[in-house]
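Let me begin by presenting the structure, written as structure tokens, before commenting on it.
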Amino acid sequence: MEHTVISASKFNAWFGDNHVVKDVSIGIEKNQVIAVMGPSGCGKTTFLRCINRMHELIPGATGKGSLKLYDDEIYTMNPIYVRYKIGMVFQRPNPFPNLSIYDNVVAGYKLNGLKVAKADQDNIVQKSLTSAALWNEVKDSLHKKGTFLSGGQQQRLCIARAIAMEPEVILFDEPTSALDPISTSSVEQLFHELKENYTLIIVTHNMQQAARVSDKTAFFYMGELVEFDDTKQMFTAPKDTRTQNYITGRFS
Amino acid sequence: MTPLENEISALKKELISMWILVQSQLNKAKEAMVQFDKDLAREVLIKEKRVNSFELKIDRDCENIFALHCPVAIDLRFLLAALKINTNLERIGDIAAGIALYVVESSVNFDVKALESTSLLRMYEEAVNILIDTRTAFEKEDTVLARSIFKRDDVLDAINENAPTTIAEVIKADLDSMPEALYMLSVIRKLERVGDQSKNIAEEIIFYVEAKILKHLESSQRKIEGEK
């Protein structure tokens, strides 16, 4: 289907013998913000990392089942290409410490040996930093190191780095858990702007954040996708008792 | 229990206390009307202030819980329901005070026969019983009992619809009884409102427990939707 960007059908993932993602089936539509929540160890981050083939980078980690980007099976695609199309932003801002802000944005091209003309690079940098709501703050210090920025700015720089590759989907693994409330607010505001052009999948432990920023929410528990529904429905009248117990803090 | 569960439990107890007070107000207003007991009627008017205080306190508690605990799912539905039940109970309290006020201001007592012929006493008892049962449904989260309120409210509606005829008969039998007869009509109208408020409360209980919205549905549709 044209509008389904990521789809999984009976997808499973393991760390060695440890079955951490169990028969997950889900369809994620284009230009939506999806929040993924669940208790620690429920498989949500593993599932996220399977989507851009980062899971397999861990020795002994495997995946099985259907996981598609549009109509293409992600596990038969070139993993480097998968990571172009499906970017990722991590919990802690991780700009390359030795690179300037400018070089951080175009790092994806440089590290993969992709030649881009200087004028095009300038365009990519400005466009990506603008999309990440950082351009106005750094346009006069593009050649300073990325680590010179505040935590919130560094995280937006990482988002700009992901955007620079023109992905279809951006994965976020607890993107604001290391940020103060003001930086968190600016990143959340950015989600609303980014969804016009990208599909965002956000793993978060912050339920209020999930409620604030997402269109749909997925609840994982013990490796299973328990419930996937409109966020409004999930936070007012979840269908599964396990979801209700989790979001109301009655989980034992 | 989590802090939010403690808060919700305390709020529930407070609502039940308000419910008991409102129920007592309604009973005392009835007693004052039947016995023409002005002192009892005055007591109802004085205690109306307590009902109002409960309303303000519960509103404030709900506001604090929203602000401090960000409730979701069943907790959110409980708080939304609690706010509306609070308003409905306060209005029933107003109705009890309205009935008591007439007793305080009137110089003529009621003819017990007229109270019976107009079904006013039967209606009053049913209205109080409905209020008691909505409280039980709330306390036990019993949506079957809550649903039964809809049908019982129909009984109050029927008496209310028939009231112009029965009241006209009372007036025809004794023209001098017109002021009391018109007052009885007013009480019947008020009791019909008690039925409506109780029905609203029953809808809120079902919303809170089952996440089903039955508001503004025709009674036949409400039955179908409610039982899904």
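Would you pick out the residues in region B:6-41 that are in contact (Cβ under 8 Å) with a residue 60 or more places away in the chain and within 14 Å of another protein chain (Cβ to nearest Cβ)? Correct list: B:7, B:8. Region B:113-227 holds helices (runs of 4 or more DSSP H) entirely within its bounds, and those carrying 2 or more residues that are free of Cβ contacts under 8 Å to residues at least 24 places away in the same chain and charged (D, E, K, R) map to B:120-140, B:143-173.
Which one is surrounded by the fewest Cβ atoms within 10 Å (Cβ to Cβ), of the residues in region A:206-222 that are farther than 16 Å from residue A:185 by Cβ and more than 15 Å from the chain's Cα centre (by Cα)? In this case the residue turns out to be A:222. Can you tell me which residue in region B:80-107 is farthest from the other protein chains (Cβ to nearest Cβ), limited to those that are among the charged types (D, E, K, R) and over 12 Å from the mean Cα position of the chain (by Cα)? Ranking the qualifying residues of region B:80-107, first place goes to B:105. If you check residue B:48 against the conditions, is it surrounded by 19 or more Cβ atoms within 10 Å (Cβ to Cβ) and under 30 Å from residue B:122 (Cα atoms)? Yes, satisfied.
Is it fair to say residue B:44 is modelled with pLDDT of 95 or more, in contact with a Gly (Cβ under 6 Å, 6 or more places away or on another chain) and away from every other protein chain (no Cβ under 14 Å)? Taking the combined requirement at face value, the residue does not satisfy it. Exactly one residue out of A:242, A:250 is more than 15 Å from the chain's Cα centre (by Cα) and at pLDDT below 90, and it is A:250.
Residues in region A:194-207 that are away from chain B (no Cβ under 14 Å) and part of a helix (DSSP H, G or I): A:194 only.
Here the condition is being out of contact with any Ser or Thr (no Cβ under 8 Å at 6 or more places or on another chain) and surrounded by fewer than 22 Cβ atoms within 10 Å (Cβ to Cβ); of A:18, A:31, it holds for A:18 alone. Checking region A:142-164 against the condition returns a match, with at least one residue being outside any loop (DSSP other than H, G, I, E, B), among the basic types (Lys, Arg) and free of Cβ contacts under 8 Å to residues at least 40 places away in the same chain. The set of residues in region A:34-85 that are in contact with a Phe, Trp or Tyr (Cβ under 7 Å, 6 or more places away or on another chain), in a loop (DSSP other than H, G, I, E, B) and surrounded by 17 or more Cβ atoms within 10 Å (Cβ to Cβ) comprises A:38, A:42, A:43. Scanning region A:86-121 for residues that are buried (at least 17 other Cβ atoms within 10 Å of the Cβ) and β-branched (Val, Ile, Thr) yields A:86, A:89, A:101, A:105, A:106. Counting only residues that are facing chain A (nearest Cβ under 9 Å) and touching a residue at least 60 places away in the same chain (Cβ under 8 Å), which one in region B:70-79 is farthest from residue A:247 (Cα to Cα)? Filtering first and then ranking leaves B:77. Which of the residues that make up region A:213-252 are part of a helix (DSSP H, G or I) and within 11 Å of chain B (Cβ to nearest Cβ)? Scanning region A:213-252 gives A:231, A:232, A:233, A:234, A:235, A:236, A:241, A:243, A:244, A:245, A:246, A:247. Could you check, for region A:170-182, whether at least one of its residues is within 15 Å of the chain's Cα centre (by Cα), modelled with pLDDT of 95 or more and of a type in the set (Val, Ile, Thr)? Checked region A:170-182: at least one residue is within 15 Å of the chain's Cα centre (by Cα), modelled with pLDDT of 95 or more and of a type in the set (Val, Ile, Thr). Annotation: residue A:210 fulfils all but one of (1) within 14 Å of chain B (Cβ to nearest Cβ); (2) not in a helix (DSSP H, G or I); the unmet one is (2).
The values are calculated or read from the model by the stated rules, or taken from the named source; none is laboratory data. Please read these numbers as outputs of a predicted model, since none were measured by experiment. All Cβ positions, even for glycine, are placed from backbone atoms using ideal geometry, and neighbour counts span all protein chains on display.
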